[in-house]
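One structure follows; several queries about it will come next.
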Amino acid sequence: MRRGFWLSAALLGSSLLMVAASQALAESTLVGSETCKDCHQKEYAQYLTTSHGRAQTDGATLPEKMGCETCHGAGSAHVNAGGDAKDPGFATIQRPDKMAADKANAICLGCHKGGEQFYWQHSAHARQNVACVTCHSIHNSQDPAHAKLLKKENTTELCLTCHKSNHLAMGKSAHMPVGGNGMTCNDCHNPHGSAGPRQIRALTTMELCLSCHADKRGPFLWEHAPVRENCLTCHDQHGSNYTRMLVSRPPFLCNRCHDASRHPSQLRDLTDLQTGAVTTMNRSCLNCHSQIHGSNHPSGKMFVR
Amino acid sequence: MKARIVLAFVLTAALLAVSSVWAQSDGGFTVGGGFWSQTNPEAKFLEYRDLPRGGFLADYMLRQFSGSWAGAVWGQTPTRFDQQDAMYLAKGVRWRLDASFNGVPHRFSEVARSPYVQTSTGVFTLSDSLQRQIQNLTQSAANPSQNRTLQELLRNSPGVALAIQTDVTKVRLRGRPMKDWQFEVRGSDRERSGSQAMGTTEGGPGGPTVELPAPIDQRTLDVDASATYAHGPARVMVTLGLSNFKNRIEAIRFDNFRVFNSDTTRSVVNQMAAAPDNNLLRGRIVGSWQLPYASTFTATIGVSQTTQKQDFLPMTVNPFQLAKYGSTGLLDLERGNLDGKVTDVVQDYRLTGRPFANFYGTLRFRQEKMDDQTPTLGLPNGFINYDQGWSRGAVESEAASNTKTIYGLDADYSLGKRADVSILVEGRQRELPDWREVTKDAEGILGGKLTLRPLDNLDASVGYQYGQRRMDSFILDAYDGAEWPLFRRYDVADRNQSKLNGEISWSPVEKLDLSVSGWWSKDDYPNSTWGLQSVDNTQVFGEGTVHAVRNLDLSGGFGYGLQKSDQASIENGTSVVADTTARAPWTANLEDKSVYAFARADWWAKSRKLQVTADYTFTRDMQTYDFSNYWIRSAAGILPAATTTAIDLPSDLYRMNDAALTAKWHYSPQFDLGCTYGYTQYDVADALYQNIPYVNVNPTNAGSAATAIFLGNGKLNYTAHRFQVFATRRF
């Protein structure tokens, strides 16, 4: 009974607080960034070094007095609270990191609605309630020169925070130069969404792969049909135990499709290796059929030249 | 090129540094010196990096601001092959220019050797004396001493570096010159050069093979321009782009090592076609509308066209063959190049919205149509796989068009603060080239996911998805004439696919974060009597972070992956016979196991002046093979076997232990001193890639021996130590 009383009182109290806060929010007016600076000097100093800060100095880009309040909402009630956290007006300031993801994101999307962010509403991250501020920090970014306002030093490190199983793929003996000074997840994926599958930076998987591996683009006189349809039929893009990131080891990978007669049909076991069969050792089938992505030689039908 | 680009970045940095127009600046740099040693020159140690011996500039950064102007230059290891440099210059938020340069080395082998001499780009010659020796060895393959002598000779051939370097320069200019408009122009220049192993065959009995350090010298240029207009509920984006690929090497030509004292059936010089030049033109238009119920509809239409008109290499054949079969016109081609043209059209339509508070869903339709409009090229008299091997009979090249259609619904429903449920319904259809054995197939997918947050510090989710792919029909005639009627190529075979995943994240106390995720999938090919039967994938990954005490952080993770694949096949030593009973069936079950573990400790002295970091990473990949067959292959033919005679290949192992200890002394807010010691141990056991000979002779097949000249680029164990000292200055 007593417990119920206190619970009801707490609920009533918090409801009243919320009503008061929402009224205060509705009544809040713009105070300008200079006012915010008085208390939030550190945040303001870094803010000025970012593109958000430059928006304030960019003439007609933002309406008068907008700046901090573009994202944090009108601040007069917060200012009038004078730092008193118990004052209902204090909590009226918007903090995107404390808001529901869709509401916080709506603030960012007010400006970032073209280019990279065009597909955000359709992205897997939006669907999973990932907020912009999950990955970006406006006031405390860690990436070099704060060019992207990331929460980590590099994109790959940031992505692995959630996509942990890719640690395993990237640790395999064959993988792309992800990490270090090579590639990042961001080179292939657009975390803000895209028109392609898996948020890739292309309309199709083939288009993405061939943007770097343009030598495989063809079209070739002699096409290898599965190659032309999807690179991922034979390759595992995030890493594999086999050279060239193949999904299995030749000749067994090739045997999965080629089993007609003569050498493509034969099981290559230890005896073959010990007797020095070139179809087994080194690159196996690809020792001879090295043009497996397609050949432009008039006699390249078997992908050997 | 690279030097010019690096110079541009340095000059920009200098300009930024000395310019007096800047009101505010910050930055820093790290310099140092290092040394490393390695017990064996295995390329894996430097696969994608370039460790300096001596001085280096580890990183640099300079930012400047003045009013609405801002500029920055930063980068890592700018004097090395693995470097990254970037800069931007911005005026307010209206204009921003970004540029970057990335150098990415990829080293394949440091121990390769080749008896071939590259006399000009892509042209490899072999001395007459060596040809003779190899050919004599081929004809008396059982003579081990002769083999050893030649191995020794080739072991002293010149070393060849198997490595490529990819340098990528990117530039982007973004402008928002007026309200509602955004423009963007992007360009990239991708240069790739070096050499990589490439094999080919000279054909003939036993298929003699040659592996060459094929030169790579390629350039890809890309330019794209886009404009976005956003006004009220509507947004439109139009993009136009082009890409040009140029291969500076048109062909690889090399001496046939069997020609010296062979009969007239041998070709003298073999030639391979290198990747042809191509051009791509692309365009995309996207429209998006905000609709009621917090919904957005977006339509994307993208069109691209790739063209390829590289001149064909001339058909060649040993004159003996031409005379033997009396064919005229064998070497004539209908036209001098492919005149290849492929048009891709992609349509993507999505409607995403929240029709009511707890629901979030997407309806989507997508079609990728690849239309290969390349005219066919007929070879009425056959083709010449190898100059001495004329495959008679008319053949014609075939275009490889395909169409993929995907439509589906993703829906998420919130059951309150503590739970969400999601469903996925998807249909996929494919139309494949009409010369494939399966010309159409369809797949239906159904999935669901439940996310629970029973406590504020505990998240858990579990999802399952099932897909069933079925072909419309199997056209035996299209299957290379006549192969086994019960054999299915796995990319078009009927497939049942199951996927299960789950994740738990828990922070029992503020100082401890734990998470475990698991993923399992199984691809079953229920109607494939021969071919791939199933692939089973399991992955588990766990990670934890402990903020043990105020000045000590500990973190670690462990991942395990297991992939099992089962395939069955049937062996036929000679000709194609569509008969599944009287041949030699076999199975191969492969298992890949992967382990990844890492641990990290960060310790700060109480004064916060000294920081010590210890990192450890362990990876292990292991493959095992399990074969069985039910018949014996022998010179006399295929005989029934009482028991399995197949002998498994030895297991493979790739294992790496890598540890590093770094100490940093934060002398002042502007100055750090530090040193790093690193240790790497790499163990390899891979029967197929180890002990690759320079010349390979099949001793059981003397007379028509399968001879090969390899590069000897086998995998090696190694242990490496590295030590670096460095200093960081900030301003």
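So, in the stretch B:81-94, of the ones that are under 27 Å from residue B:51 (Cβ atoms) and not in a loop (DSSP other than H, G, I, E, B), which residue ends up nearest to the other protein chains (Cβ to nearest Cβ)?
The initial filter retains those residues of the stretch B:81-94 that are under 27 Å from residue B:51 (Cβ atoms), namely B:81-87.
Then drop every residue that is not not in a loop (DSSP other than H, G, I, E, B), which leaves B:84-87.
Details: B:84: 4, B:85: 10, B:86: 7, B:87: 9 Å.
Here the residue is B:84.
Conditions (1) free of Cβ contacts under 8 Å to residues at least 12 places away in the same chain; (2) farther than 26 Å from residue B:621 by Cβ; (3) in a loop (DSSP other than H, G, I, E, B), marked per residue:
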| site | (1), (2), (3) |
| --- | --- |
| A:156 | no, no, no |
| A:159 | no, no, no |
| A:169 | no, no, no |
| A:172 | no, no, yes |
| A:176 | no, no, yes |
| A:186 | no, yes, no |
| A:194 | no, yes, yes |
| A:202 | yes, yes, yes |
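In addition: Of everything in the stretch B:64-79, what is within 8 Å of chain A (Cβ to nearest Cβ) and either outside any strand (DSSP E or B) or under 26 Å from residue A:173 (Cα atoms) (or both)? Give them in sequence order.
Result: B:67, B:68, B:76, B:77.
More than 10 Å from chain A (Cβ to nearest Cβ), polar (S, T, N, Q) and surrounded by fewer than 15 Cβ atoms within 10 Å (Cβ to Cβ): is that true of residue B:473 in this structure? Before the answer, list the steps.
Details: more than 10 Å from chain A (Cβ to nearest Cβ): yes; polar (S, T, N, Q): yes; surrounded by fewer than 15 Cβ atoms within 10 Å (Cβ to Cβ): yes.
Yes; evaluated as a whole, the condition is true for this residue.
For every residue, the table says whether it meets (1) under 17 Å from residue A:33 (Cβ atoms); (2) modelled with pLDDT of 90 or more.
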site	(1), (2)
A:57	yes, no
A:60	yes, no
A:66	yes, no
A:70	yes, no
A:77	yes, yes
A:85	no, no
A:88	no, no
A:93	yes, yes
A:96	yes, yes
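Taking the stretch A:74-117 on its own, how many of its residues are under 25 Å from residue B:353 (Cα atoms) and either out of contact with any Ser or Thr (no Cβ under 7 Å at 6 or more places or on another chain) or β-branched (Val, Ile, Thr) (or both)? Let's see the steps before the verdict.
Initial filter on the stretch A:74-117 (under 25 Å from residue B:353 (Cα atoms)): A:94-117.
Retained after the next criterion (residues that are either out of contact with any Ser or Thr (no Cβ under 7 Å at 6 or more places or on another chain) or β-branched (Val, Ile, Thr) (or both)): A:94-113, A:116-117.
Residues that pass the stated criteria total 22.
Looking at this structure, is residue B:409 among the aliphatic types (A, V, I, L, M), in a strand (DSSP E or B), surrounded by fewer than 16 Cβ atoms within 10 Å (Cβ to Cβ) and at pLDDT 85 or above?
Values: among the aliphatic types (A, V, I, L, M): yes; in a strand (DSSP E or B): yes; surrounded by fewer than 16 Cβ atoms within 10 Å (Cβ to Cβ): yes; at pLDDT 85 or above: yes.
So residue B:409 fits the description; yes.
Right, another one. Can you pull out every residue in the stretch B:36-63 that is surrounded by 17 or more Cβ atoms within 10 Å (Cβ to Cβ) and more than 10 Å from chain A (Cβ to nearest Cβ)?
Passing the criteria: B:38, B:42, B:43, B:45, B:46, B:51, B:52, B:56, B:57, B:58.
Let me ask another. Check B:657, B:691 and return the single one that is in a strand (DSSP E or B) and at pLDDT 80 or above.
Working: B:691 fails: in a strand (DSSP E or B).
Among B:657, B:691, only B:657 is in a strand (DSSP E or B) and at pLDDT 80 or above.
Hey, another quick one. Looking for whichever is out of contact with any Gly (no Cβ under 6 Å at 6 or more places or on another chain), surrounded by 20 or more Cβ atoms within 10 Å (Cβ to Cβ) and at pLDDT 90 or above here; the options are A:135, A:159. Which one fits? Break it down into steps so the answer makes sense when it comes.
Working: A:159 fails: surrounded by 20 or more Cβ atoms within 10 Å (Cβ to Cβ).
The match here is A:135.
One residue is enough: does the stretch B:665-684 have a residue meeting the conditions under 22 Å from residue B:562 (Cβ atoms), part of a loop (DSSP other than H, G, I, E, B) and modelled with pLDDT of 90 or more? Working first, answer last.
Kept after step one, since they are under 22 Å from residue B:562 (Cβ atoms), are these residues of the stretch B:665-684: B:683-684.
Still in the list and also part of a loop (DSSP other than H, G, I, E, B): none.
No, the stretch B:665-684 has no match at all.
Could you list all residues from the stretch B:509-553 that are in contact with a His (Cβ under 9 Å, 6 or more places away or on another chain), surrounded by fewer than 17 Cβ atoms within 10 Å (Cβ to Cβ) and either at pLDDT 95 or above or among the acidic types (Asp, Glu) (or both)?
The answer is B:510, and nothing else.
State whether the residues of the stretch A:75-98 include one that is more than 30 Å from residue A:236 (Cα to Cα), crowded, with 16+ Cβ neighbours inside 10 Å, within 14 Å of another protein chain (Cβ to nearest Cβ) and of a type outside the set (Ser, Thr, Tyr).
No, that holds for no residue.
Residues checked against (1) without any contact (Cβ under 8 Å) to a residue 40 or more places away in the chain; (2) surrounded by 18 or more Cβ atoms within 10 Å (Cβ to Cβ); (3) part of a strand (DSSP E or B); (4) more than 7 Å from chain A (Cβ to nearest Cβ):
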| position | (1), (2), (3), (4) |
| --- | --- |
| B:275 | no, yes, no, no |
| B:279 | yes, no, yes, yes |
| B:282 | no, yes, yes, yes |
| B:285 | no, no, yes, yes |
| B:290 | no, no, yes, yes |
| B:298 | no, yes, yes, no |
| B:303 | no, no, yes, yes |
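Can you find, within the stretch B:174-209, the residue that is surrounded by the fewest Cβ atoms within 10 Å (Cβ to Cβ) among those that are among the hydrophobic types (A, V, I, L, M, F, W, C) and modelled with pLDDT of 90 or more?
Let us first name the residues in the stretch B:174-209 that are among the hydrophobic types (A, V, I, L, M, F, W, C), namely B:178, B:181, B:183, B:185, B:197-198.
With the extra rule that they be modelled with pLDDT of 90 or more, the set shrinks to B:181, B:183, B:185, B:197-198.
Working: B:181: 14, B:183: 18, B:185: 16, B:197: 22, B:198: 21.
Per the criteria, the residue is B:181.
Quickly run through the stretch B:338-367 and pick out the residues that are more than 19 Å from residue A:228 (Cα to Cα), at the interface with chain A (Cβ under 9 Å from one of its Cβ atoms) and not in a strand (DSSP E or B).
Scanning the stretch B:338-367 gives a single hit, B:354.
How many of the residues in the stretch B:359-416 are among the hydrophobic types (A, V, I, L, M, F, W, C) and closer than 24 Å to residue A:296 by Cβ?
First, pick out the residues of the stretch B:359-416 that are among the hydrophobic types (A, V, I, L, M, F, W, C): B:359, B:363, B:365, B:370, B:377, B:379, B:383-384, B:390, B:394-395, B:399-400, B:406, B:409, B:411, B:415.
Then drop every residue that is not closer than 24 Å to residue A:296 by Cβ, which leaves B:370, B:377, B:379, B:383-384, B:390, B:394-395, B:399-400.
Total meeting the criteria: 10.
Let me ask something additional. Sort out which residues of the stretch B:518-574 are in a strand (DSSP E or B), within 7 Å of chain A (Cβ to nearest Cβ) and more than 23 Å from the chain's Cα centre (by Cα), and write them in order of number. Full working, then the answer.
To start, the set of residues in the stretch B:518-574 that are in a strand (DSSP E or B) comprises B:518-524, B:530-549, B:552-571.
Remaining after also requiring within 7 Å of chain A (Cβ to nearest Cβ): B:519, B:530-532, B:539, B:541, B:543, B:557, B:559, B:561, B:565, B:567, B:569-571.
Answer for the stretch B:518-574, where residues must be in a strand (DSSP E or B), within 7 Å of chain A (Cβ to nearest Cβ) and more than 23 Å from the chain's Cα centre (by Cα): B:530, B:531, B:541, B:543, B:557, B:567, B:569, B:570, B:571.
Among B:610, B:590, which is the only one that is crowded, with 18+ Cβ neighbours inside 10 Å, among the aliphatic types (A, V, I, L, M) and at pLDDT 95 or above? Lay out the reasoning, then the answer.
Values: B:610 fails: crowded, with 18+ Cβ neighbours inside 10 Å.
One residue alone meets the criteria, B:590.
Let me ask something else about it. Quick check on this structure: which one of B:97, B:153 is surrounded by fewer than 20 Cβ atoms within 10 Å (Cβ to Cβ) and in a strand (DSSP E or B)?
Values: B:153 fails: in a strand (DSSP E or B).
The match here is B:97.
Residue-by-condition table, conditions (1) touching a Cys at 6+ places or on another chain (Cβ under 6 Å); (2) closer than 26 Å to residue B:563 by Cα; (3) surrounded by fewer than 20 Cβ atoms within 10 Å (Cβ to Cβ):
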position	(1), (2), (3)
A:105	yes, no, no
A:119	no, no, no
A:143	no, no, yes
A:150	no, no, yes
A:178	no, yes, no
A:186	no, no, yes
A:194	no, no, no
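Still on this structure, please answer the following. With respect to residue B:422, determine if the residue is of a type outside the set (D, E, K, R), facing chain A (nearest Cβ under 10 Å) and out of contact with any helix residue (DSSP H, G or I) (no Cβ under 9 Å at 6 or more places or on another chain). Working first, answer last.
Numbers: of a type outside the set (D, E, K, R): yes; facing chain A (nearest Cβ under 10 Å): yes; out of contact with any helix residue (DSSP H, G or I) (no Cβ under 9 Å at 6 or more places or on another chain): no.
Criteria not met by residue B:422.
Given B:135, B:84, B:131, B:64, which one is at negative phi and under 31 Å from the mean Cα position of the chain (by Cα)?
Details: B:135 fails: under 31 Å from the mean Cα position of the chain (by Cα); B:131 fails: under 31 Å from the mean Cα position of the chain (by Cα); B:64 fails: under 31 Å from the mean Cα position of the chain (by Cα).
Result: B:84 is the single residue among B:135, B:84, B:131, B:64 that is at negative phi and under 31 Å from the mean Cα position of the chain (by Cα).
Within the stretch A:255-276, track down each residue that is crowded, with 21+ Cβ neighbours inside 10 Å and in contact with a His (Cβ under 9 Å, 6 or more places away or on another chain).
Of everything in the stretch A:255-276, just one residue is crowded, with 21+ Cβ neighbours inside 10 Å and in contact with a His (Cβ under 9 Å, 6 or more places away or on another chain), namely A:265.
The values are calculated or read from the model by the stated rules, or taken from the named source; none is laboratory data. Model, not experiment: these values are computed from the prediction. Methodologically, a virtual Cβ is constructed for each residue, glycine included, from the backbone with ideal geometry; neighbour enumeration extends over all protein chains shown.
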